[in-house]
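Computed from the coordinates by the stated procedures, all read-outs in this text should not be read as laboratory data. Just so it is clear, the structure is predicted and the values come from calculations on it, not from any experiment. With ideal geometry, Cβ positions are generated from the backbone for all residues, glycine too; neighbour counts draw on all protein chains shown.
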Amino acid sequence: MSYTNNEDIKIDNSMIKITSNKKDNIKKINSKLYNANTNTYENIIYNKQQVAIDLLNKLDFSIMAISKNIVRNYLVKNIVYKLNNRIVEVQVKQNNLLVSFHKVAKNFDTENKLINRKGYENNSICYSLIVEDDNSFNYAIRTIENIYNFFTAPKESLSDKLFNELKFKIKTLNISISEHKTNKGLMFKGKRNFVLLSKTNYGVYVRLLNVSNSNNELHIVTRKNYEPLCLSYKVRKNEDIDILLPYIKESYEKCNINPIDLKYEFYKLYNK
């Protein structure tokens, strides 16, 4: 059909079709498939020995009892337990269970029982455990509970954790210690400033007064901001706090010294 320039174009409304966003539809379809069971419990346990079936029933009950938010799916070869992402996969063998965990499980593997899941090193589910007795069963459940708590509990970053612990320990040195925020971090003050804490990507950067440093564990500050806080230390783990705390106590004791004398000591150290 052709039209001339002056001819009115009439559109047949019956031919109009309204289509939804294809990407949204694909996501919905994938989501439904991801949550759908493509197998059944009966098929999963078919031809398996009773000891393996009993272990599966016991494990399934314990996992589902952790939270009603955990979703169970029966897939072709295994059973998946998930929140927004898969956290555990269970495959029923003849006499035992092969339980595979999300990669965060290694953080809770206190007895080093988890093994690398062969061929799945780059996947999210990459550690496994053979469950065949009460000891391995209890270890698996404890690990799953830790994984669940990891994904559901509010997370505190390493920097925040170290920063808050340092802050608490500094404040307990003396009730007279005050704190105030600066553009570089959090400053602590007795009669004068004696410690500055700054959050970093790796942990906490600490600056303090010129204390005794015979083991060379502290470093000289290259910039003169906030003189005379001239020594520094990078706190990267909890053990570093125990190393640094005696220096912080000495720094607090020195904050009672005449500020002029402290500044002189700072320049003497810095000019070396």
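Some notes on this structure:
- Global geometry of segment 21-152, whether rounded, prolate or oblate, following the gyration tensor of its Cα atoms and the 1.5 cut on a/c: oblate
- Between Ile87 and Tyr81, Lys82, the built amide H atoms are under 5 Å apart, and every one of these is 5 or more places off in sequence or on another chain.
- The residues packed around Met187, meaning those with a beta-carbon under 11 Å from its beta-carbon, carry a net charge of +4 if Lys and Arg are +1 and Asp and Glu are -1.
- Order of Asp134, Asp240 - criterion: other Cβ atoms within 10 Å of each residue's Cβ, fewest first: Asp134, Asp240
- Residue exposure proxy: Tyr202, Tyr252, ordered by other Cβ atoms within 10 angstrom of their Cβ from fewest to most, comes out as Tyr202, Tyr252.
- In order along segment 163-169, the Karplus-derived 3J(HN,Hα) couplings, from 6.51 cos²θ - 1.76 cosθ + 1.60 at θ = phi - 60°, round to 4, 5, 5, 5, 4, 4, 5 Hz, and Gly and Pro are given as x.
- Counted by neighbouring Cβ atoms within 10 Å, the residues Met187, Met64 run from fewest to most as Met64, Met187.
- When only the Cβ of Lys, Arg, Asp and Glu is charged (+1, +1, -1, -1), the dipole of segment 21-152 relative to its Cα centre reaches about 780 debye.
- With K and R counted +1 and D and E -1, the other residues having a Cβ less than 14 Å from that of Asp109 yield a net charge of +3.
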